[in-house]
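Please treat every number below as a calculation from the coordinates, not as lab data. Small disclaimer: the values here were computed from a predicted structure and weren't measured. Counting neighbours? That spans all protein chains shown, and the Cβs are built from the backbone with ideal geometry, glycine included.
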Amino acid sequence: MRHLLEIDDLSADELAAVLAMAESDNAPRVLEGKGMGLVFEKPSARTRNSMEMAVVQLGGHPLYIQGSEVGMDTRESVEDVTRTLACYHRAIGARVFAHNTVERMAAVDIVPIVNMLSDEAHPLQALADLLTIKAIFGSLEGRTIAYVGDANNVTRSLAIAAGMAGMKMRVGSPGGYQFSDVDRDRVLASGVDLFETGNPEEAVDGADVVYADVWTSMGQEAETQQRLRDFEGFGITADLMANASPDVAFLHCLPAHRGEEVTDEVVDGPSSHVWLQAENRMHAARGLIAWLLSVNASVNAEES
Ligand code: CP
Ligand code: NVA
């Protein structure tokens, strides 16, 4: 059984195949008459809507489930929630606090599990990001992404995806907010040309893409005030953008905390492609689900 917990669960060729499916206008009806359970332990606008609409476009029925309703590890174990949902659904998506939760769901190994964001990874976002960069520039290879801010779940998946697509990645973060050694090793295993710096100007210098995410991720709200102080000077302003390539594209996974990690002028400005990026979440989700179900169908056929 194949799952998508992190973007490198795909090979580079498979990543290219998923992107091609995402770009295709012909959505295969692989979920005709079937359901996909979508479990959320955290809030969501883009992920819920893009996944629900992707499932509909594949002929299926999406079911939104709040984590508190099924009571993951409170009402019953994560494994039993997974076994239960698998009675009704062809696949399960999960947005969780601890990455280990999606690992435990995948270990049940009866339906494919899609990580819809954990504390470590956001692979569906990385797929949409590549789709967006490809749409803007026509190709991915050799392009440089400069991520400025907290080296978090979004950064890790994006950096791995960049390596798999032959792109370069720069990460500009204040001390204490850079990749952990474990995350750095995972990122470097993608073969990415990675440059880390504590200087935002150096990070964006000549970059094709400047990328931001919130400084305080979901679950870290108690650290908000400390983080606002620690990230001072790391906001994306028009002045900072002036150091990037003249054709620079600004991306943000959203939601944006305007006035913190990015100014209105940048997020609403001519270099910004954040709404195309948000739309691409749906195309990426559709391509990924279609690919995952077809690859698992062929594994099942070989086994029977
Ligand atoms: N980018 C993203 O995952 O957005 P949501 O948290 O709104 O789903
Ligand atoms: N890093 C953010 C991404 C939100 C889409 C978070 O985990 O909250």
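For the chain, a Gaussian network of Cα nodes joined below 10 Å ranks 94, 22, 238 by mean-square fluctuation, and the top entry is 238. Charging the Cβ of each Asp and Glu at -1 and of each Lys and Arg at +1, and nothing else, the dipole of the chain about its Cα centre rounds to 880 debye.
Looking only at GluC sites (Glu not before Pro) in DSSP loops with at most 16 other Cβ atoms within 10 Å, what is the longest site-free stretch of the chain? It runs 33-140. Once backbone amide H atoms are built at 1.01 Å from N, residue 93 has 37, 38, 39, 114 as its partners under 5 Å, excluding neighbours fewer than 5 places away on the same chain. Compared with the dominant principal axis of the Cα atoms in the chain, helix 274-303 is inclined by about 40°.
Here's the picture: charge each Lys and Arg Cβ at +1 and each Asp and Glu Cβ at -1 in the chain, and of 289, 58, 138 the one pushed furthest to the positive end of that dipole is 58. log₁₀ I(q)/I(0) of the range 1-141 at q = 0.13, 0.18 Å⁻¹, via Debye over equal Cα point scatterers, no solvent, to two decimals? Normalising to I(0) and taking log10 leaves -0.56, -1.07.
Between the helical axis of 12-23 and the longest alpha-carbon principal axis of the chain there is an angle of about 80 degrees.
The charge dipole of the range 1-100, taken about its Cα centre with unit charges on the Cβ of Lys, Arg, Asp and Glu (plus for the first two, minus for the last two), comes to roughly 360 debye. Using only alpha carbons, the chain has a radius of gyration to Kirkwood radius ratio (Rg to Rh) of 0.96. Loop-located chymotrypsin sites (Phe, Trp or Tyr not before Pro) in the range 59-110 (DSSP state not H, G, I, E or B) with no more than 15 neighbouring Cβ atoms inside 10 Å: 88, 97.
Each Lys and Arg contributes +1 and each Asp and Glu -1, all at the Cβ; summed about the Cα centre of the range 42-120, the dipole is approximately 300 debye.
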